[in-house]
1. Return yes when G94 is free of Cβ contacts under 8 Å to residues at least 40 places away in the same chain, within 21 Å of D129 (Cβ to Cβ) and surrounded by fewer than 21 Cβ atoms within 10 Å (Cβ to Cβ) and no when it is not.
2. Can you pull out every residue in the stretch 41-68 that is touching a helix residue (DSSP H, G or I) at 6+ places or on another chain (Cβ under 7 Å), surrounded by 17 or more Cβ atoms within 10 Å (Cβ to Cβ) and either farther than 20 Å from G94 by Cα or among the small types (G, A, S) (or both)?
3. Residues in the stretch 28-65 that are part of a strand (DSSP E or B) and at pLDDT below 95: how many?
4. Restricting to the stretch 96-144, what's the tally of residues that are part of a loop (DSSP other than H, G, I, E, B) and of a type in the set (S, T, N, Q)?
5. Going by the structure shown, is D118 over 14 Å from the mean Cα position of the chain (by Cα), more than 22 Å from H11 (Cβ to Cβ) and at pLDDT 95 or above?
6. Would you point out which residue out of F38, F74 is crowded, with 16+ Cβ neighbours inside 10 Å and either of a type in the set (F, W, Y) or out of contact with any helix residue (DSSP H, G or I) (no Cβ under 7 Å at 6 or more places or on another chain) (or both)?
7. Could you list all residues from the stretch 71-88 that are aliphatic (A, V, I, L, M) and in a helix (DSSP H, G or I)?
8. Which of the following residues is of a type in the set (G, A, S), in a strand (DSSP E or B), modelled with pLDDT of 95 or more and under 15 Å from L137 (Cβ atoms): G25, G91?
Amino acid sequence: MEKILIVYYSHTGNTQMMAEAIAEGISKAKKETEADVFSVSLINPKRIAEYDKIAFGCPASGTENLEDNEFEPFFTLCEKFLKGKKIILFGSYGWGGGPWMKEWEERVKKDGAELAADGLITMDTPGGDCLNACIELGKWFAEL
């Protein structure tokens, strides 16, 4: 059985909701897959090396950056393990329209990872359409 890692940071619960919906999609895939879901505070960055497929979730913070107290330091430590891995990115934002996601996508590519899909973002709390998109993304990622 293939395992996919989902690692996220969520301050308000929005990004956690997205992570859980992606995990739900993974569990619904035709291919036998399982999602290991962790908040960044509950996983060692070295564990990234154990997975071929990883979904990272982080909301925009401050001036359209990755959250810098927990997620940014965690992700920086993960970067040396990303080469050759299939990656998807997701998160929520409150303003600005999401340029932070484009910057994050470029960063992942520079790390040598394969960005499997465009980053999935939503403004504020994810509604039904967004959560359905997360489920479909998880299902697609599992079957990739």
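The values are calculated or read from the model by the stated rules, or taken from the named source; none is laboratory data. Everything quoted here is computed from the prediction, not taken from an experiment. In this analysis, Cβ positions are derived from the backbone assuming ideal geometry, glycine residues included, and neighbour counts consider all displayed protein chains.
1. When the stated conditions are applied, G94 passes them.
2. Passing the criteria: P45, I48, K53, I54, A55, G57, A60.
3. Total satisfying the criteria: 5.
4. Residues that pass the stated criteria total 1.
5. Criteria not met by D118.
6. Going through F38, F74 in turn, the sole match is F74.
7. If the condition is that a residue be aliphatic (A, V, I, L, M) and in a helix (DSSP H, G or I), then L77 is the only one that fits.
8. G91
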